[in-house]
Amino acid sequence: MQIQINGIVKEKPDGLTVQDLLESEEVERPEMVSVELNDHILFRIEFRERKLQEGDRVEFIYLMGGGADRTAGDLGSAVALRRRPESKEWHDAEEASF
Amino acid sequence: MTAPLVLSNEMIERYSRQILLPGIGGAGQKKLLRSRVLVVGVGGLGAPAALYLAAAGVGTLGLMDADEVDLSNLQRQVLHFTPDVGRPKVESAAEKLRELNPDVQVVTYPDRLRPDNAAGILEGYDFVLDGTDSFASKFLIADACHFGGKPYCHAGILRFEGQALTVFPGETACYRCVFHEPPPVGAVPTCSEAGVLGAVAGLLGVIQAAEALKALIGAGDLLTNRLLVCDVLRMGFRTVRVRRNPRCPLCGPEPTITHLDTAEAGRPNGAACAVGAAKRDVHGLA
């Protein structure tokens, strides 16, 4: 099936769950990611059960901190490590999103 | 300071290039001069944002930061210069901004935003810029702005990437609609491990300033209900549609966060910034 991930259309096996997708996309820190499926943010507990379907649009939205170093509580700052998309994929996404 | 009702000749000259703009004009400039913006965090995001807000003639700029200038800040925090190392950031920033534009009243808060001081400080402002680094601060700003009914612009930066979202509480998707609660503390490495390009901080800070100016004037389309994401390494920009989340713990119809938890204010890291989120794992995000 074809699904759109961060604006890029990709071929994925049928029956894939959101959790499977996080793994197949090699998201290194899934705890730092919100997943939006067809414009609706999912709860984390839904990742394992929610099966993806042909034409679904998935956005991985990363928590990002990074401003003044210690303005309030000091939890450290935000980092979302992940596999970076290839350049070509990003440019394809540009075309898809505008 | 009372904003002037009549623009002086000097003001007309100073702001001429933006007074010329459709949607601003003399009336828009007067609005800016009467406006009050709070910049929380005068670092990579807040410094460039404050520069543009001051230059544009925002009447009152609140600067909040408890830190002192560190040599490692200078790569991106453009309001602070080499001789400022060791000075309080709000002092260093206020000095530059007053020199840049004496029309602007700069108010400094050499303090951290906490659940017990947030409401009182936010109350005097029309718009809030989140220029903070930690998630505790970002969630606290989102919560405090929600309860205070203050519009704000969130931004985050990391390495070569950034994101921004403007929120009108109760009207548009909020920070917690997208990110329900902070990640577990142990899951968050420090900024020094990850790094960020100074120009990315500047880019996002200036986007926040532009959002604040537009919101104050009432011009154009804001970054509401859409999250701007950009990758400067590839120089690509996208906006991701985000909706108000019916299950949002803060602004949804059945919120689990009902007020700022001032009882938690004494905690050293203020991690539990609002009641509910830290205590009930109803969102499955623990």
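Just so it is clear, none of the values below were taken in a lab; they were calculated from the coordinates. Since the model is a prediction, treat every value here as computed from it, not as a measurement. Using ideal geometry, Cβ is built from the backbone for each residue, glycine included, and neighbour counts are taken over all protein chains shown.
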Please list the non-local residues whose amide H lies under 5 Å from the amide H of residue B:62, H modeled 1.01 Å from N, same-chain partners needing a gap of 5 or more.
B:37, B:38, B:39, B:107
For chain B, compute Rh as the Kirkwood radius over C-alpha pairs and then the Stokes-Einstein diffusion coefficient at 20 °C and 1.002 mPa s; write the answer in µm²/s, rounded to an integer.
111
Other-chain or far-sequence residues with amide H under 5 Å of residue B:174's (modelled H)
B:245
Which of B:30/B:89; B:31/B:214; B:96/B:150; A:51/B:138 have a Cα-Cα distance over 21 Å?
B:30/B:89; B:96/B:150; A:51/B:138
Just in region B:1-91: which chymotrypsin sites (Phe, Trp or Tyr not before Pro) are loop by DSSP and have at most 14 other Cβ atoms within 10 Å?
B:81
Can you list residues whose amide H is under 5 Å from residue A:28's amide H, if they're 5+ apart or on another chain and H is modeled 1.01 Å from N?
A:82, A:83
If one compares the long axis through the Cα atoms of helix B:89-100 with the longest principal axis of the Cα atoms of chain B, the angle in degrees, nearest 10, works out at 30
Under a plain spin-label model, where a point goes 7 Å from the Cα along Cα-to-Cβ, how far apart in nm are residue A:31 and residue B:119?
3.2
Return A:44, B:244 ranked ascending by Cβ neighbour count within 10 Å, so the fewest neighbours appear first.
B:244, A:44
Taking DSSP loops as anything outside H, G, I, E and B, show the longest stretch in chain B free of GluC sites (Glu not before Pro) there with at most 15 other beta carbons within 10 Å.
B:1-122
Region B:5-42 versus region B:106-149: alpha-carbon centroid distance in Å
24
